[in-house]
Amino acid sequence: MIPMENLNILATVEDKMPSKFKLVTFGCQMNKYDSEKMNGVLVSRGMVPVESTEDADLILVNTCSIREKAENKVFSFIGRLADLKQNNKNLLIGLGGCMATFNKEDIFRKAPNLDIVFGPDSIQKIPDLISQRLASGRKQIDVGLSDEITWDSPEQFVRENGVTGWVGIMKGCDNHCTYCVVPGTRGREISRPIESVVNEVKDLANRGFKEVYLIGQNVNSYGKGLSPEVTFPDLLRSVEKVEGISRIRFMSSHPKDLTEELIDVMKASRKICPSLHLPLQSGSDEVLERMNRGYKVSEYLSKLDKIREAIEGISISSDLMFGFPGETDEDYQATCDVMEKVRFDSLFLFNYSSRSGTPASEHQGHISRKVSQERFNNALILHKSIIAEKNREMEGRKVVVLCEDTYNGNMKLHSPDGKGFMYGRTRENTMVLFKGERHLIGQEIEINIYGVAGYNLLGNLV
Ligand code: 5AD
Ligand code: SF4
């Protein structure tokens, strides 16, 4: 029998459990997906999401620690919540994601406002951490990483929109890029069984989703450790069979693990979009070697040639990093040369950020921020000029987009009333803005392109 005083504590904890929560997400697609799980866990416990932090009695921040700048953004966001906590003694603040596993207990010193801290594998435990916080009065932390996939119930997810669904196919990373914290913050690479992935895709299809985005740190090494062992192309062939889904996308691909089999499957598929994110990081072999990337620039380029030959019109995006320790002007120039040669359709550019505990943080020849930023800025100018040219070539053409939602960005420059734009993506993943109505959401529609707005295209319904 539970002693009377413990029953009393339980009753008080139940009374005090938060009822309204606000979830704030920083970072990558995996984090957005994890936030959908968090949302699901809280909603299934009867809590209600609210729009503003002011209205919440639980604020959860899902965080990224890949670069110092990302962490600083989170620390200043949490710092700004101090006033809310002053005014509302019942407010609880939780922090999840990579900053939790990266900083562990130290996070409470850096952000004293926090009540609970949980890692990417402890999302299901959030309600327990809250109860324990309330019952004990002590801050709670669970940042353990599991050797198993800790999620498998799609009905628990609360999805961000109803057109494109993220589907995690693996977690962690077994690569050891010398600059990267992910293997430490998300643990060993573990693949999710094909049936489990396919079930989630079927669930999305049943709910009217049209597109799935298969996500993992390195999807090309999917399947290792599963029994029987399978490959990423095997998974793609299974997902292709799910009726109702018309577009399949995936990211990220590691160049060293990209196989001819993958190219063949993409070529043969009706649903896999002709679009590939293939992070290069640097155009210099010496830098790639010090990054421990496992390929040479020439190997990357010859894989790209094969892909472009097999899949006409495929768009290629990439990640590039500037200011890696020891990066010389020649190394930087080599990266620009690759940019001019490949003419990437989209790029994510980063300044190298030294992360404690990573091998690169111990490397010689750290580059000053000023030099790194200069290289970054010049590379951005180069990239913008390439994209402007590419986009101009699109003017006057007809494209097919899958309409995703109303566009909430700042379009005042292009539309006198600043309202009424919808957005969708081509199969090649270019975002297109057009005037239209909400009933178009989820439909594939034809658009005439008449102009360009930054990286996006502007069009009219045909
Ligand atoms: N500094 C800067 N960029 C980084 N990335 C990963 N770690 C770092 C770091 N320490 C970039 C890589 C990777 C992308 C997700 O983030 O380019 O592909
Ligand atoms: Fe980090 Fe490299 Fe793994 Fe990507 S592949 S998550 S950059 S270690």
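The values are calculated or read from the model by the stated rules, or taken from the named source; none is laboratory data. All values reported here derive from a predicted model rather than from experimental measurement. Heads up, the Cβs are rebuilt from the backbone with ideal geometry, glycines too, and the neighbour counts pull from every protein chain shown. Surface accessibility is based on the protein's heavy atoms, side chains included, excluding ligands, DNA and RNA. Shrake-Rupley method; radii C 1.70, N 1.55, O 1.52, S 1.80 Å.
Collect the residues in segment 264-273 that are crowded, with 20+ Cβ neighbours inside 10 Å and either out of contact with any Lys or Arg (no Cβ under 6 Å at 6 or more places or on another chain) or among the β-branched types (Val, Ile, Thr) (or both), keeping them in residue-number order.
Passing the criteria: Met266, Ile272.
Taking segment 173-209, which residues are in contact (Cβ under 8 Å) with a residue 12 or more places away in the chain and either touching a His at 6+ places or on another chain (Cβ under 7 Å) or at positive phi (or both)?
Asn175, Gly187, Gly208
Within segment 235-258, which residues are outside any loop (DSSP other than H, G, I, E, B) and open to solvent by 50 Å² or more (accessible area, probe 1.4 Å)?
Arg237, Lys256
Among the residues of segment 102-157, count how many are in a loop (DSSP other than H, G, I, E, B), of a type in the set (S, T, N, Q) and within 21 Å of the chain's Cα centre (by Cα).
4
State yes or no: is Asp337 more than 25 Å from Tyr455 (Cβ to Cβ), more than 23 Å from the chain's Cα centre (by Cα) and either within 11 Å of ligand 1 (Cβ to nearest atom) or open to solvent by 10 Å² or more (accessible area, probe 1.4 Å) (or both)?
Criteria not met by Asp337.
Whether any residue in segment 293-311 is over 23 Å from Asn378 (Cβ atoms), within 15 Å of ligand 1 (Cβ to nearest atom) and open to solvent by 10 Å² or more (accessible area, probe 1.4 Å) is what I want to check.
Scanning segment 293-311, I find at least one residue that is over 23 Å from Asn378 (Cβ atoms), within 15 Å of ligand 1 (Cβ to nearest atom) and open to solvent by 10 Å² or more (accessible area, probe 1.4 Å), so the answer is yes.
Quick check on segment 366-384. Is at least one of its residues of a type in the set (Lys, Arg), within 13 Å of ligand 1 (Cβ to nearest atom) and open to solvent by 80 Å² or more (accessible area, probe 1.4 Å)?
yes
Can you name every residue in segment 152-204 that is closer than 24 Å to Ser282 by Cβ, out of contact with any Gly (no Cβ under 8 Å at 6 or more places or on another chain) and open to solvent by 40 Å² or more (accessible area, probe 1.4 Å)?
The answer is Asp174, His176.
Does any residue of segment 368-378 turn out to be assigned to a loop (DSSP other than H, G, I, E, B) and closer than 20 Å to Pro325 by Cα?
Yes.
Please find, within segment 49-73, the residue that is surrounded by the most Cβ atoms within 10 Å (Cβ to Cβ) out of those that are assigned to a helix (DSSP H, G or I) and more than 16 Å from ligand 1 (Cβ to nearest atom).
Per the stated criteria, the residue is Thr53.
Quick one: would you say Leu226 is closer than 29 Å to Ser269 by Cα, in a helix (DSSP H, G or I) and either open to solvent by 60 Å² or more (accessible area, probe 1.4 Å) or away from ligand 2 (no atom under 14 Å from the Cβ) (or both)?
no
Taking segment 168-206 as the search range and keeping residues that are in contact with a Phe, Trp or Tyr (Cβ under 7 Å, 6 or more places away or on another chain) and among the hydrophobic types (A, V, I, L, M, F, W, C), which one is farthest from ligand 2 (Cβ to nearest atom)?
Checked segment 168-206; the qualifying residue farthest from ligand 2 (Cβ to nearest atom) is Ile169.
For (1) of a type in the set (Ser, Thr, Tyr); (2) under 18 Å from Lys16 (Cα atoms); (3) open to solvent by 40 Å² or more (accessible area, probe 1.4 Å), each residue gets a yes or a no:
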| site | (1), (2), (3) |
| --- | --- |
| Cys98 | no, no, no |
| Lys110 | no, no, yes |
| Lys139 | no, yes, yes |
| Thr150 | yes, no, yes |
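Give me the pairs, please: first residue somewhere in segment 262-284 and of a type in the set (A, V, I, L, M), second residue anywhere and in a strand (DSSP E or B), beta-carbon distance under 6 Å, and either six or more positions apart or on two chains.
Met266/Ile272; Ile272/Ile248; Leu276/Ile316; Leu278/Ser318; Leu280/Ser318
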